[in-house]
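Have a look at the structure below before the remarks.
The values are calculated or read from the model by the stated rules, or taken from the named source; none is laboratory data. Predicted model, so just to flag it, every value in this text is computed and none were measured. Positions of Cβ are generated from backbone atoms using ideal geometry, with glycine treated the same way; all protein chains shown enter the neighbour counts. Ligands, DNA and RNA are excluded from the accessible area calculation, which covers all protein heavy atoms including side chains. Shrake-Rupley method; radii C 1.70, N 1.55, O 1.52, S 1.80 Å.
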Amino acid sequence: MKRITNIIYRTVLSLALLLPLSCHYAPSEYFNRSESANKRAPEIKELNDSQTASVKSSLGANYDILVLTDIHFGQDRADRHDEDVLDWLDSLGTGTKPKFCVNLGDTADHGYESEFDDYLANLEGGIKTKISAPVYSVIGNHDLRRDGWEVFKEKLYPYTSCYHFESTGMSYYFLDNADGTLGKTQMKNLEDAFSSDSKPKVIFMHCPIYHDKANLLSATAFQDTHEADKLLSLFAKNRVQLILVGHSHAFRKNDFGSFTEFNLPSYVHSRAWGVIHIDETAGTATPELVSVEN
């Protein structure tokens, strides 16, 4: 019996040590997740007019949103191809460029300030110039490394990890699940916000909700299946149309009936990004994957 107990203990300990490594979580990122999310996101910040006016004034009944994820500045790669999305934006005709851009996180591979600075100078700056609109940021687990959170909230727009704004016909929520959980505070705030928001919704966050056999042991999705089920139920009851996520570095599209989870692949690894086609009259958000042939 003692021998069996020792085997079980060693197995559990091995998994506890390997899981953070398999998904590139540092141990401090893997444990005490709910507390970290609760501290970073004590409220869903409502963006003010100065933070959304330029976007809202340009929106019509139909428009597109550019979405990138897992950019990983600081990763040891000689072939980043950051010009891919900039060249694509140049190829679009007048009036057809995305109205704003969303970065779904893992911007800085190690959480260094220099990595965030390189991203701002070499990619975000170019995108903003091409579309004459802001890039809204979501925080990822890599962005939390070292002092990354302090840098993120100082340099990446709109300088918070949980926020919301709405257009005439749509509502956009940017959530912090960089630890693989929303935490109790953010979940409660989301429930309260949805109770007074009847518009169709688009959700942006870093980690996927859905667990399948491919990612169950790689910590690439919500770690608490009860929390995941609760969130899916909340989304189904409150006109969520689309969830945009990254983190897994692989493309997946999960259909939940009334809404879809669109898991974008890593921009730097796959040379791919998403375009979301918004129809405010119909209240729909239709995702499209755009990629460059390697």
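Just one of (1) open to solvent by less than 30 Å² (accessible area, probe 1.4 Å); (2) under 24 Å from ASP279 (Cβ atoms) fails for ASN177. It is (2). Just one of the listed residues (GLY111, GLY93) is open to solvent by less than 10 Å² (accessible area, probe 1.4 Å) and in a loop (DSSP other than H, G, I, E, B), and it is GLY111. With respect to the conditions (1) open to solvent by 10 Å² or more (accessible area, probe 1.4 Å); (2) at pLDDT 95 or above; (3) in contact with a strand residue (DSSP E or B) (Cβ under 7 Å, 6 or more places away or on another chain); (4) not acidic (Asp, Glu), VAL202 falls short on a single one, namely (1).
Scan segment 237-252 for residues that are within 15 Å of the chain's Cα centre (by Cα) and open to solvent by 10 Å² or more (accessible area, probe 1.4 Å) and the total you get is 6.
Only residues that are more than 17 Å from the chain's Cα centre (by Cα), crowded, with 20+ Cβ neighbours inside 10 Å and not β-branched (Val, Ile, Thr) were counted across segment 260-294, and they come to 0. Here segment 208-236 is the region considered, the condition is being modelled with pLDDT under 95 and among the hydrophobic types (A, V, I, L, M, F, W, C), and the residue that is most open to solvent (accessible area, probe 1.4 Å) is LEU217. Within segment 63-80, the set of residues being more than 23 Å from the chain's Cα centre (by Cα) and under 30 Å from GLU166 (Cβ atoms) is empty. Among the residues in segment 125-133, are any of a type outside the set (D, E, K, R) and assigned to a strand (DSSP E or B)? No: zero hits.
Scanning segment 96-108 for residues that are without any contact (Cβ under 8 Å) to a residue 40 or more places away in the chain and in a loop (DSSP other than H, G, I, E, B) gives THR96, LYS97.
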